[in-house]
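S.K.: I have a structure here, written as C-alpha cells, and I will follow up with some questions on it.
The values are calculated or read from the model by the stated rules, or taken from the named source; none is laboratory data. Just so we're clear, the structure is a prediction, and the values are computed from it rather than from any experiment. No Cβ is skipped: glycine too gets one built from the backbone with ideal geometry, and neighbour counts run over all protein chains shown. What goes into the accessible areas is simple: the full protein's heavy atoms, side chains included, and nothing from ligands, DNA or RNA. Shrake-Rupley method; radii C 1.70, N 1.55, O 1.52, S 1.80 Å.
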Amino acid sequence: MGFFDQMKQLNELKQKMEETKKRLDSLEVASENEYVKVTANGNRKIKDIFILKMDDKAVLEGKLQSAINEVLDKSEQVMQSEMMSAMPKIPGLT
C-alpha cells in the first residue's frame with residue numbers, strides 16, 4: 001500500500017469519525033430516579049435536567065449527582081460503540 005493510498009484511507013476514516021460525531025449529537029440517553037431525570041447526547045453533553053421532587057435538598061443533590069454520573073456512563077458506552085462501528089476492520093485486530 002502506497003503513501004497516497006494510506007492518505008486516502010486516513011481521510012476516509014476522518015470523514016467517518018466526523019459523521020459519527022454528528023450522529024452522536026442526535027442520540028439521546030437518559031437516567032432517571034424518583035428525584036431527577038437527566039438526559040445527555042452521545043457525545044457526553046448534558047441536554048436537560050428535570051427536577052421531579054424537591055422535598056429534601058441533601059437527597060436531591062445526591063440523586064442528581066448519581067443520575068448525572070449514570071447518564072454520562074451510558075453516553076460513554078454509546079459513543080464507544082458508535083466509534084468502534086465507524087472504524088475500519090483491520091485484520092488481526094478485530
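S.K.: Rounded to the nearest 500, what is the 222 nm mean residue ellipticity of the chain from helices alone, with -39500 (n - 2.57) per DSSP H run of 4+ residues and division by all residues? It would help to have the intermediate numbers written out before the result.
M.R.: On the way: 2 runs with 54 residues, N = 94.
One gets -20500 deg cm²/dmol as the mean residue ellipticity at 222 nm.
S.K.: Kindly sort 75, 81 by accessible area of their heavy atoms, largest first, with the probe set to 1.4 Å.
M.R.: So the residues, ranked largest to smallest area, are 81, 75.
S.K.: Taking a cut-off of 29 Å between Cα atoms, list the lysines near residue 89, but don't count ones fewer than 8 places away on the same chain.
M.R.: Straight-distance partners of residue 89: 8, 14, 16, 21, 22, 45, 74.
S.K.: Restricting everything to alpha-carbon atoms, can you work out Rg to Rh for the stretch 47-92 with a Kirkwood hydrodynamic radius?
M.R.: 1.30
S.K.: Between residue 16 and residue 37, with labels modelled 7 Å along Cα→Cβ, what's the label distance in nm to one decimal, could you check?
M.R.: 3.6 nm
S.K.: Could you work out Rg/(2.2 N^0.38 Å) for the chain, with Rg from alpha carbons only?
M.R.: Values: Rg = 18.8 Å, N = 94, 2.2 N^0.38 = 12.4 Å.
Compactness ratio reported: 1.52.
S.K.: Which angle between 0 and 90 degrees, to the nearest 10, do you get for helix 3-26 versus the longest principal axis of the chain when only C-alpha atoms count?
M.R.: 20 degrees
S.K.: Once neighbouring chains are kept in place and the probe is 1.4 Å, which whole percent of the accessible area of the stretch 1-93 is contributed by carbon and sulfur? Don't jump to the answer; show the numbers that get you there.
M.R.: Details: 3680 of 6780 Å².
For the stretch 1-93, the apolar C and S fraction of the accessible surface comes to 54 percent.
S.K.: Straight distance only, please: which aspartates and glutamates reach the Cα of residue 63 with their own Cα at less than 18 Å, same-chain residues fewer than 8 apart left out?
M.R.: Those aspartates and glutamates meeting the cut-off are 32, 34, 48, 55, 73.
S.K.: On to the next question. Rounded to the nearest whole Å², what accessible area per residue is found for the chain with the 1.4 Å probe?
M.R.: Working: 6900 Å² over 94 residues.
Roughly 73 Å² per residue, with all protein chains present.
S.K.: Put a dot 7 Å past each Cα toward the Cβ at residue 83 and residue 25; how far apart are the dots in nm?
M.R.: 1.8 nm
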